Each structure stands twice: as C-alpha cells, then as structure tokens.
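Since the structure comes first, as structure tokens, the remarks are kept for the end.
The values are calculated or read from the model by the stated rules, or taken from the named source; none is laboratory data. This is a predicted model, so every value here is computed, not measured. Here the Cβ positions follow ideal geometry from the backbone for every residue, glycine too, while neighbour counts run over all protein chains shown. The accessibility values were calculated without ligands, DNA or RNA, using every heavy atom of the protein model including side chains. Shrake-Rupley method; radii C 1.70, N 1.55, O 1.52, S 1.80 Å.
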Number of protein chains: 2
Amino acid sequence: MAKRGRSQESGEDRLIARYFRPIAQHPAALSLIDDAACLTPPKGHDLVLTVDAVVAGVHFLPDDPPASIARKALRVNLSDLAAKGAKPLGFLLTLTLPPNTDATFLKPFAKALAEDAKAYGCRLLGGDTTGTPGPLTISIAAFGTVPHGRMVRRHGARPGDLVMVTGTIGDAALGLKVSQRAGLIKQWRLKRGQGAFLVERYRAPRPRNALALAVRRYASAAMDVSDGLAGDLAKLCRASGVSATAEVAQVPLSPAAATALATKPDLLETILTGGDDYEILCTVPRARATRFAAAAKAAGVPLTIIGRIERARAGTAPGEARFVDASEQALRFGRGSFSHFN
Amino acid sequence: MAKRGRSQESGEDRLIARYFRPIAQHPAALSLIDDAACLTPPKGHDLVLTVDAVVAGVHFLPDDPPASIARKALRVNLSDLAAKGAKPLGFLLTLTLPPNTDATFLKPFAKALAEDAKAYGCRLLGGDTTGTPGPLTISIAAFGTVPHGRMVRRHGARPGDLVMVTGTIGDAALGLKVSQRAGLIKQWRLKRGQGAFLVERYRAPRPRNALALAVRRYASAAMDVSDGLAGDLAKLCRASGVSATAEVAQVPLSPAAATALATKPDLLETILTGGDDYEILCTVPRARATRFAAAAKAAGVPLTIIGRIERARAGTAPGEARFVDASEQALRFGRGSFSHFN
C-alpha cells in the first residue's frame with residue numbers, strides 16, 4: 001500500500017483506446033468510454049440480432065493472418081444479416097486473448113476489422129477484452145435493421161418454389177483441406193492460383209450483403225450456408241414443413257472446386273456438406289424468380305437455381321432435402337452437416 | 001457417400017433444442033430455430049447494449065458449480081444495465097464448451113440461467129454454441145431499454161455531488177482468496193459461515209437492477225464496480241473531468257469483510273481494488289440525495305455515501321480519486337484496478 005502507484009489507467013483500457021476506440025465512430029458506441037452502448041433504433045424497424053463465435057483451431061487456423069481472422073469473425077455474422085434481408089448496423093466484440101498477444105496481432109486485426117466495418121456499414125458499438133489460458137476466441141454479436149415485420153425467415157418455403165444459392169459452394173471446405181495439406185494442390189491437379197483461391201475462401205468469407213434487399217423483396221425463405229449446403233437445405237425444409245430436391249449437377253462450383261472434383265469425385269461429399277460457404281440459400285416463388293435474378297445481376301451477385309421445393313412426402317417427416325445425380329438417384333451422405341457436437 | 005446417413009439433425013441442434021429452446025420464450029427469440037432473433041424495439045426508447053465474457057480460471061474457478069457460473073455470466077451484464085438505469089430486456093449467449101461437456105454441466109447451467117432470465121426479466125434471444133480445446137468461455141451480450149436519451153452516463157458527475165455505493169465492497173475479492181486457500185478462514189478469524197458468504201459473493205454477484213429506475217431519476221453519473229472501487233471511481237472521475245475524495249472509513253463492509261480487515265489490515269487494498277463487486281457506484285447532486293436514499297430504501301438496496309466530487313485540482317489531470325484515512329492521508333495503491341493486461 002505504501003508503494004508508489006502506477007497509472008490508474010489499466011492495460012485493458014490502453015488496449016481499447018489504442019486499437020478499438022479509433023474504429024468505434026458510430027454515435028451509439030459513445031467512444032467506448034462508458035459501460036454500455038446506447039442505440040436509438042430507427043423508427044418503424046425491427047432489429048435483427050445474431051451472434052457467432054470463432055475459435056482458433058476450430059473455425060480458423062492459429063497461423064491464419066490476423067486480418068483474415070478479423071474478417072472471418074465479422075463476416076460470418078454479416079452473412080446471417082444478409083440472409084435475413086437485414087441492413088447491417090453495428091456489432092459488439094468479445095475478444096478473448098491468449099497470453100502475450102501483442103501489437104503484431106492486434107494492429108493488423110483492428111485495421112482489417114475497421115475496413116470491414118466501414119465497407120459493410122456495420123460499426124463497432126462496444127466490446128469486452130479479456131485474457132484466456134486457451135486459444136484466441138472471438139465472439140461477435142451483430143445487429144441489423146429491417147422494416148417492421150420484414151425479416152426473412154427460414155419457414156416460408158412453399159411447394160413449387162425454386163431453390164437458389166449465391167456464389168459457389170464447397171470452396172472453403174476444400175480450402176481448409178489444402179491449408180492443412182499443401183500436397184493436395186498437386187494431388188487434385190489444381191491449376192496455378194487455384195490452391196490459394198480455395199484457402200482464401202476458407203479464411204475470409206464474402207458475405208452477400210449486396211443481395212439483402214432483393215432477398216427481402218423476393219425470397220419466401222432464406223438462410224446462410226454455414227454448416228454445409230445439404231444439411232442447411234434440410235434445416236430450411238424442416239422449418240418450412242416441406243421437402244426439396246436439388247440437382248447435384250446444378251450446384252455452382254468455382255473452377256478450382258470443379259478441377260478438384262474432376263480429379264477426385266469423392267470430394268463431392270466435402271463440397272456439399274463441408275460448410276463455411278457463407279453464401280445465401282433461399283427459396284423464391286416462380287413468379288418472382290425473374291425479378292430476383294435481375295436484382296442479383298444488378299447487385300453483382302452470382303445466383304443459381306439448384307432445385308425445387310416439394311410437398312413433404314406422405315409418411316415421412318418434413319425436412320428431406322434430396323440431392324440427385326444425373327440418373328435421378330439420391331445421394332446419401334455420411335454426415336448431414338458440420339457440427340461441433342456429434 | 002454410400003453409407004447410410006445418420007440423422008440430419010446435428011449434435012449442436014440437439015443441444016440447443018434440449019437445454020436452451022425451453023428457456024427462450026421471448027417472441028424475439030423465434031424459438032431459436034432461425035439464424036437470428038428479431039426484436040421490435042419499444043417505441044420512444046433507446047437500447048442499452050453491453051457485453052461481458054467470463055472465462056474458466058480467469059473470472060470463475062473451473063470447479064465452481066455450473067449454476068453459479070450461469071448466474072455470474074448473466075449477472076455481470078445485468079449489473080451494467082442496472083448502473084446505466086436500463087430495464088433488462090434480453091441477451092445473446094455464446095457458449096464455448098471444452099470437450100466432453102455433458103448434461104452434468106449443461107442441465108444445472110441452463111436451469112440457473114432460466115431462473116435468472118425470468119427473475120430479472122432478461123430473456124434468452126439467441127446464441128451460438130461451439131467447441132473449444134481451451135477453457136469454458138461464456139460471452140453474453142445483454143440488452144436493456146431506457147426512455148430515449150435517458151441512459152445514465154459516466155460523465156455527468158459535478159463538483160459538490162455525493163459519491164455513493166450500493167451494498168458492500170470487497171467481499172468477492174476476499175471470497176476469491178478464500179476459494180483458493182481455505183486456510184484463510186482461520187487466519188482471518190472469520191466467524192461461522194463468513195467464509196462461505198465471501199465465496200458466494202465471488203461466485204454469484206447480486207446485481208442492483210432493483211435500483212435502476214432510481215439511478216435514472218437521481219444520479220448524475222453511474223457505473224458498476226467491476227474492476228475495484230478505487231480504479232472505477234477514478235474512471236468515473238476521468239470521464240466527468242472531476243476529482244473525488246472518498247473516506248475509507250465510510251466504505252461499506254460486510255461483517256465478514258470487516259472481521260478479515262480487523263485481523264489483517266493489509267487486506268484494505270484487496271477490498272478497495274480487488275474488483276468483482278458488481279455494486280453500483282454513482283454520484284448524486286446533494287439536492288436529490290434524500291429522495292435517492294428513500295428510493296433505495298424502498299427498493300431494499302443498501303446505499304452508503306462514501307465521499308464527494310471535487311473540482312479537478314489545478315495542474316493535475318482530472319480523474320484523481322483519493323481514498324483518505326481518518327487523518328486525511330490519501331492511500332496509495334500498488335494497482336489502481338483489476339486488468340487482464342498489465
């Protein structure tokens with residue numbers, strides 16, 4: 001008690017002031033100097049609330065670049081907002097840091113987070129920073145807005161609706177494998193740059209927020225593809241009380257994924273069930289399909305029809321999502337979708 | 001691909017359905033079956049947003065009862081809402097589980113969380129559950145409401161205001177020591193039950209949400225005491241551009257803390273800087289002090305005047321919070337407040 005006190009400003013306060021205060025420019029953030037953020041919700045709107053955590057060694061690789069980790073942590077949440085038809089507003093950040101985390105991590109992490117927050121219009125509103133004896137863990141709670149009552153649910157798919165998906169499927173799951181075993185680039189006969197493309201798709205999702213407004217206007221149901229296309233389509237069907245048939249040949253693949261699949265046909269299961277795609281899966285009534293496709297084109301988002309919604313078959317529980325090959329045979333997968341708890 | 005597929009419902013889905021869907025009764029939660037919650041904010045109100053994480057081995061002890069862990073995870077956030085004058089509304093839960101976490105943990109954890117959610121009117125709106133190779137980590141983002149523009153900030157303290165604190169200070173910091181070394185019960189000459197009392201104060205904070213409305217009506221500035229009374233009072237002073245003098249003899253102590261302090265006077269630093277109190281620290285203009293005290297009494301929340309706000313002294317930076325003893329000597333602490341990053 002007698003010894004000379006050091007500055008009363010704690011290390012945690014300094015860390016926040018240095019790296020995160022500069023990127024918390026939304027007025028609701030109160031410059032991160034209070035106990036809480038204070039948000040005045042826009043009139044006539046609902047708030048769409050989502051939370052997703054990423055853990056080193058589980059959702060990203062411990063030696064992924066700090067900028068990629070920041071992007072992934074925020075973008076997995078932005079992808080949920082996009083699929084719900086919501087406009088991003090802001091987020092709360094929980095940063096759980098292993099010992100000796102220093103500026104070599106924090107500086108590029110905060111910079112990439114700031115860039116994404118600006119690019120997607122999703123601002124840092126508050127957070128908590130703490131130490132852990134375990135792996136780096138980042139939880140982000142993100143908020144978006146929709147006009148009252150207009151959030152796009154999973155449960156609106158009706159028989160006859162078309163099943164559509166944005167972008168390409170399977171890249172991230174293949175990219176994870178390549179990250180872990182560089183020899184696969186040769187084994188899969190990937191062309192120049194295709195290995196790096198797949199790895200980047202794993203590291204930094206490209207959420208489809210540009211399509212959110214069109215999803216709200218035209219989709220009957222939507223969700224983002226995070227746990228694998230096959231399992232996620234089944235979830236959407238269960239929520240809607242319907243079934244679906246998708247054609248494997250219609251599932252959009254990147255040139256890299258197509259090359260790998262041509263060499264190793266067994267990779268089809270990884271592509272369809274591997275997860276981490278962060279594309280939008282949605283159902284659209286036929287009468288609105290043309291307008292939706294035009295809106296996607298205008299937004300610069302690739303969109304593919306992969307199947308159709310059907311009545312749940314008599315005697316079976318709803319939620320069957322069949323993927324059929326060219327001979328109309330339904331594939332069977334060893335695992336429906338990615339899960340942390342098997 | 002040829003093998004018989006197992007249920008497409010994943011382990012994560014089952015875990016959520018079993019333990020958390022039953023406690024997610026707020027309509028905004030959408031029964032946890034969608035990608036996001038959808039909240040219609042109450043008209044004319046702001047949303048107060050806060051997030052706090054607790055990590056096993058950092059914020060609680062790995063062998064603390066699961067029910068205590070649940071209470072602590074939610075209540076540290078409820079305490080922030082109380083200090084801001086906000087009425088609790090709901091929360092998003094990130095549950096990061098080590099391998100082999102099973103029903104022996106999840107069942108009592110979910111039960112205690114449900115009880116608190118109901119008791120404090122702060123409902124589960126959504127969440128994310130994931131595995132980790134590290135320690136159990138729980139992050140909660142909590143939301144409360146205040147009439148527009150009425151959130152109580154840290155920055156409103158003015159010279160002449162009284163400095164007040166709820167409940168008793170130092171119990172949790174002493175309780176942590178006792179948890180780690182049972183021999184201290186004897187060393188500190190604690191009486192029957194006092195050791196258990198201190199440990200319980202560490203394990204499960206008692207947030208002062210009953211006082212939130214009065215804080216909003218009468219306080220000029222407020223925050224919760226989480227990082228130690230001395231450091232937190234300094235933070236409030238810095239935010240307000242003022243200084244403060246508090247009298248050590250006025251700091252409210254439980255009988256257990258008073259017994260320990262009488263035996264070991266050196267514990268004063270632990271009491272004043274140890275943190276985890278989750279009491280409300282606030283400043284109140286003298287003219288409103290009597291009404292505030294009456295409101296606290298009516299709410300059943302003990303309230304003590306510990307000092308006064310003063311003009312920042314010329315030539316010194318604002319934010320000086322002096323704790324003086326009976327001879328008007330200011331104490332000096334080795335550490336201003338708890339921080340994870342020193």
Checklist (1) surrounded by fewer than 19 Cβ atoms within 10 Å (Cβ to Cβ); (2) closer than 20 Å to residue B:84 by Cβ; (3) of a type outside the set (A, V, I, L, M, F, W, C) applied to residue B:240, failing item: (1)
Flag for residue A:127 being touching a residue at least 24 places away in the same chain (Cβ under 8 Å), more than 17 Å from residue A:226 (Cβ to Cβ) and part of a loop (DSSP other than H, G, I, E, B): no
Flag for residue A:191 being in a loop (DSSP other than H, G, I, E, B) and either open to solvent by less than 10 Å² (accessible area, probe 1.4 Å) or of a type outside the set (A, V, I, L, M) (or both): yes
Extreme residue, farthest from the other protein chains (Cβ to nearest Cβ), among residues of the stretch B:88-115 that are open to solvent by less than 10 Å² (accessible area, probe 1.4 Å) and touching a helix residue (DSSP H, G or I) at 6+ places or on another chain (Cβ under 7 Å): B:112
Residues located in the stretch A:323-342, provided they are in a loop (DSSP other than H, G, I, E, B) and modelled with pLDDT of 75 or more: A:325, A:326, A:327, A:328, A:329, A:331, A:332, A:333
Exclusive hit being within 14 Å of chain A (Cβ to nearest Cβ), touching a strand residue (DSSP E or B) at 6+ places or on another chain (Cβ under 8 Å) and surrounded by fewer than 20 Cβ atoms within 10 Å (Cβ to Cβ), set B:134, B:144, B:160, B:149: B:149
Residue A:245 of a type in the set (S, T, N, Q), within 30 Å of residue A:62 (Cβ to Cβ) and surrounded by fewer than 24 Cβ atoms within 10 Å (Cβ to Cβ): no
Residue ID - farthest from the other protein chains (Cβ to nearest Cβ), chosen from residues in the stretch B:230-252 that are in a strand (DSSP E or B) and among the polar types (S, T, N, Q): B:245
The stretch A:116-131 - residue that is more than 9 Å from every other protein chain (Cβ to nearest Cβ) and either of a type in the set (S, T, N, Q) or open to solvent by 50 Å² or more (accessible area, probe 1.4 Å) (or both) and, of those, nearest to residue B:76 (Cα to Cα): A:123
Answer from A:168, A:145 - the residue that is in contact (Cβ under 8 Å) with a residue 40 or more places away in the chain, assigned to a strand (DSSP E or B) and not small (Gly, Ala, Ser): A:145
Test result for residue A:221, over 20 Å from residue A:333 (Cβ atoms) and touching a Cys at 6+ places or on another chain (Cβ under 8 Å): yes
Some residue of the stretch A:218-229 being under 20 Å from residue A:262 (Cβ atoms) and more than 14 Å from every other protein chain (Cβ to nearest Cβ): no
Test: residue in the stretch A:239-252 that is within 21 Å of the chain's Cα centre (by Cα) and over 16 Å from residue A:161 (Cα atoms): yes
Residues that are in contact with a Ser or Thr (Cβ under 8 Å, 6 or more places away or on another chain), hydrophobic (A, V, I, L, M, F, W, C) and modelled with pLDDT of 95 or more, drawn from the stretch B:304-322: B:309
Residue that is least open to solvent (accessible area, probe 1.4 Å), among those in the stretch A:253-308 that are more than 24 Å from residue A:76 (Cα to Cα) and in a loop (DSSP other than H, G, I, E, B): A:285
Hits in the stretch A:15-63 - residues which are among the acidic types (Asp, Glu) and more than 23 Å from the chain's Cα centre (by Cα): A:34, A:35
One residue from B:52, B:64, B:46 being in contact with a Leu (Cβ under 7 Å, 6 or more places away or on another chain) and touching a residue at least 60 places away in the same chain (Cβ under 8 Å): B:46
Of the criteria (1) modelled with pLDDT of 95 or more; (2) farther than 16 Å from residue B:80 by Cβ; (3) polar (S, T, N, Q), which one residue B:180 fails: (1)
Matching residues in the stretch A:35-60 - criterion: being within 10 Å of chain B (Cβ to nearest Cβ), open to solvent by less than 20 Å² (accessible area, probe 1.4 Å) and either acidic (Asp, Glu) or outside any loop (DSSP other than H, G, I, E, B) (or both): A:37, A:39, A:46, A:47, A:48, A:49, A:50, A:51, A:53, A:54, A:55, A:56
All positions within the stretch B:208-226 that are aliphatic (A, V, I, L, M), crowded, with 24+ Cβ neighbours inside 10 Å and not in a loop (DSSP other than H, G, I, E, B): B:211, B:212, B:214, B:215, B:221, B:222, B:223, B:225
Selection count, the stretch A:319-329, where residues are touching a residue at least 60 places away in the same chain (Cβ under 8 Å) and either open to solvent by less than 60 Å² (accessible area, probe 1.4 Å) or among the acidic types (Asp, Glu) (or both): 6
All positions within the stretch B:79-122 that are without any contact (Cβ under 8 Å) to a residue 12 or more places away in the chain, closer than 28 Å to residue A:47 by Cα and small (Gly, Ala, Ser): B:119
Conditions (1) at pLDDT 90 or above; (2) facing chain B (nearest Cβ under 10 Å); (3) touching a strand residue (DSSP E or B) at 6+ places or on another chain (Cβ under 8 Å); number of the one not met by residue A:275: (2)
Any hit, the stretch A:98-115, residues being part of a strand (DSSP E or B), modelled with pLDDT of 95 or more and under 17 Å from the mean Cα position of the chain (by Cα): no
Residue within the stretch A:61-77 that is within 12 Å of chain B (Cβ to nearest Cβ), surrounded by 22 or more Cβ atoms within 10 Å (Cβ to Cβ) and either hydroxyl-bearing (Ser, Thr, Tyr) or assigned to a loop (DSSP other than H, G, I, E, B) (or both) present: no
All positions within the stretch B:194-207 that are open to solvent by 30 Å² or more (accessible area, probe 1.4 Å) and either within 17 Å of the chain's Cα centre (by Cα) or in contact (Cβ under 8 Å) with a residue 24 or more places away in the chain (or both): B:197, B:200, B:203, B:206
Residue, farthest from the other protein chains (Cβ to nearest Cβ), within the stretch A:163-181, restricted to residues that are open to solvent by 20 Å² or more (accessible area, probe 1.4 Å) and hydroxyl-bearing (Ser, Thr, Tyr): A:168
